[in-house]
Amino acid sequence: MINKIVKYLVILAIIGIGGFLFYNKIYIPKITYKTTLPKKGNISVKVFGIGNEGAKDIYSINAGVSAKVLSILTDEGKWVKKGDLLVVMDEVNLPELLKEAKLGVNKAKFDFIASQKELKGFLAQKSLALITFKRYDKLKKQSFVSKAEYDKAKSDLSQIKAQIEATKAHINSAKIGIKIAKKAVDSLQTRISRYKIYSPVSGFVISKNIQTHQAVLPNQTILEIVDPKTVWIKTYIDEKISADIKVGQKAIITLRSKQNKKLKGYVKRIVAQSDPVTLEREVDVAFDKLPIPFYINEQAQVVIITKQFKKLLRVPANLIVYKDEKPGIWIVKNNKAHFQNVKIIARGENYIGISGIKDNTKLLITSPGNKPLKEGMSLHL
C-alpha cells in the first residue's frame, strides 16, 4: 500500500514538474511578445532601377569620302577639343587640280582687265570717229565732200560702235568666267577640306574603328565621340512603379565599378514610349557631377527619390500585415491582441508611414517562437 502511495506521489510530482516546465519554458514564451512604439520621422519614397551608362549625344565621325587614311591624331580614351584635327586622308591629285583652278581664276581676271582696257581704247576712238562723222555730215550738206568720203566716216563710226558692243560682251563673259573659275576653286577647296576631319565637339573618344593606311568608304565610322555634358544612366523602370517619377527628381547612382560610392544625380528625361515586351519605361538619369573617367555601357543601379515626407508616424515595414486585402497592424489593447486597420501613406526602405493609430500605441513584434496572433488572445509582455 505504501509503495502504491509513493508511486502515485512520484507520478504526480513528475506531472507537476512537467506542467511547470511546459508553462514556463513553452507556454509563457509562446505568448510573450516584444512591443515597440511608432515614431515620427522622415520617409523618402524611392524607386529602384537597373540600367547602363550612356549619353544623349554620341557623335559618329564618318569618313565622308572614299580615301585612304593617312593619320588618326587621337585614340580611344582620349579627350579632344572642338575644332581639333582628328583624321587626315589622302587627297590624291586634288591639290594639283586646285592649283590649276586658281590659275584659271587669274586668267579670267586678266581677260577681264584686258577687255576693259580695250573698251577704253574703243570709246576714245568712238569719240574721234563721231567728231569726224559730224564734220563730214556738215560738209556734205554744203557739198564740200564727196558721198564716198561721207560714207567712209559713217562706216568707221559704225564699226567702232560694233567693236564697243563686242568688247562689252567680252567683259561680261570675263565676269562670268571669273565666277565660274572661283566656283571651281571653292568646290575643290570644299572637296579637299573633307579629307581633313575636325572634332565637332569637345568630348571623350570612346571608339576607334579604323587604323592608319586603311581605305574607307564615305559612310564608314572612324571615331565615336561622347559629349560629356550629355552622359546619363539609361535605366529601365517597371510601369507599375513609374507613375510618380518626374523630370528633375533627385536620384542616387551606384556604378558597378564603384559599389561603395553613391553619386548624386537627377531625372533628366522620361522616354515617351514604354517597351511593349518588357513593360518597362526608359528613365534617363544625369549626374550632378560626372565621374572621370566614365565608361559607356557600364552597368549601374539607380534610386530615384519620388517623394519626401517629414515628421510622419512610421512603423517597421515588417509589422504591416494584410487582412481581407486591407493593411493593418497588431497592437496591445487591454493586454490582449487587437488587429488595427491603418492607412499607408508612404513606403520607405525599412519603414512605412501610416495613419490610424496614436503615437503611444504599443505595437506587437512577433518572432518564430511565438504563437500566431489572434484577435483577443491574451498576451504576456
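A short reminder: the numbers here are calculations on the coordinates, not readings from a lab. Just so we're clear, the structure is a prediction, and the values are computed from it rather than from any experiment. Please note: Cβ atoms are built from the backbone with ideal geometry, for glycine as well, and neighbour counts cover all protein chains shown.
On a straight-distance basis, which aspartates and glutamates could pair with Lys336 in a cross-link, Cα separation under 17 angstrom, same-chain partners fewer than 8 positions away excluded?
By straight Cα distance, Lys336 reaches Glu375.
Work out the length of the dipole vector of the chain about its Cα centre, built from +1 on the beta-carbon of each Lys and Arg and -1 on the beta-carbon of each Asp and Glu, and round it to the nearest 20 debye.
1500 debye
Can you tell me the FRET efficiency between Leu290 and Leu73 if r is taken as the Cβ-Cβ distance and R0 is 30 Å, rounded to the nearest 0.05?
Given R0 = 30 Å and the Cβ-Cβ separation, E is 0.75.
Can you tell me the dipole magnitude for the range 249-373 around its Cα centre, using point charges on the Cβ only (Lys, Arg +1; Asp, Glu -1), in Debye to the nearest 20?
Here the size comes out at about 700 debye.
Once the other residues with Cβ under 12 Å from the Cβ of Ser242 are scored (Lys, Arg +1; Asp, Glu -1), what is the net sum?
-3
Note the listed values (i) 145; (ii) 308; (iii) 176, then indicate which one is volume of the Cα convex hull per residue in Å³ calculated from this particular structure.
Given (i) 145; (ii) 308; (iii) 176, the calculated one carries the label (ii).
Grab the beta carbon distance between Gln189 and Glu118, set R0 = 25 Å, and tell me the FRET efficiency rounded to 0.05.
0.20
What number, rounded to the nearest 500 deg cm²/dmol, is the helix-based mean residue ellipticity at 222 nm of the chain, given -39500 (n - 2.57) per DSSP H run of at least four residues and division by all its residues?
Helix contribution divided over all residues of the chain: -11000 deg cm²/dmol.
5 Å is the cut-off here: which amide hydrogens, built 1.01 Å from N in the peptide plane, fall below it relative to Trp232, excluding neighbours closer than 5 in sequence?
Sorted by chain and number, the residues that satisfy this are Gly54, Ala55, Lys56.
Using only alpha carbon pairs under 8 Å that are at least six residues apart, calculate the relative contact order of the chain and give it in whole percent.
29 percent
Roughly what would the spin-label model give for Lys107 and Gln211, points 7 Å off Cα along C-beta, in nm?
For the pair Lys107/Gln211, the computed spacing is 4.5 nm.
Each residue of the range 192-199 in turn: what ³J(HN,Hα) in whole Hz from Karplus with 6.51, -1.76, 1.60 and θ = phi - 60°, glycine and Pro shown as x?
5, 4, 6, 8, 10, 10, 10, 5
Sort Val285, Val185, Val332 by Cβ crowding within 10 Å, fewest neighbours at the top.
Val332, Val185, Val285
Show the residues, 5+ positions off or on another chain, whose built amide H is closer than 5 Å to the amide H of Thr32.
His380
Using modelled backbone amide H atoms (1.01 Å from N, in-plane), which distant-in-sequence or interchain residues come within less than 5 Å of Lys362's amide H?
Under 5 Å from the amide H of Lys362: Val332.
Taking the Cα centre of the range 84-162 as the origin, how large is its charge dipole in debye, to the nearest 20, when only Lys and Arg (+1) and Asp and Glu (-1) carry charge on their Cβ atoms?
Charge dipole, the range 84-162, about its Cα centre: 1260 debye, nearest 20.
Taking Lys81 as the anchor, which lysines have their alpha carbon closer than 21 Å to its alpha carbon, excluding any fewer than eight residues away along the same chain?
Result set, ordered by chain and number: Lys56, Lys196, Lys208, Lys229, Lys289.
Using the Karplus curve 6.51 cos²θ - 1.76 cosθ + 1.60 with θ = phi - 60°, what ³J(HN,Hα) values do you get for each residue of the range 282-287, in whole Hz, with x for Gly and Pro?
3J(HN,Hα) across the range 282-287, in whole Hz: 7, 10, 9, 10, 8, 8.
Grab the other residues whose beta carbon is less than 12 angstrom from that of Ile164, score K and R as +1, D and E as -1, and report the net.
Residues near Ile164 contribute +2 overall.
Taking the Cβ of Lys109 as the centre, find all other residues whose Cβ is under 12 Å away and add up their charges (Lys, Arg: +1; Asp, Glu: -1).
Neighbour charge sum, excluding Lys109 itself: +4.
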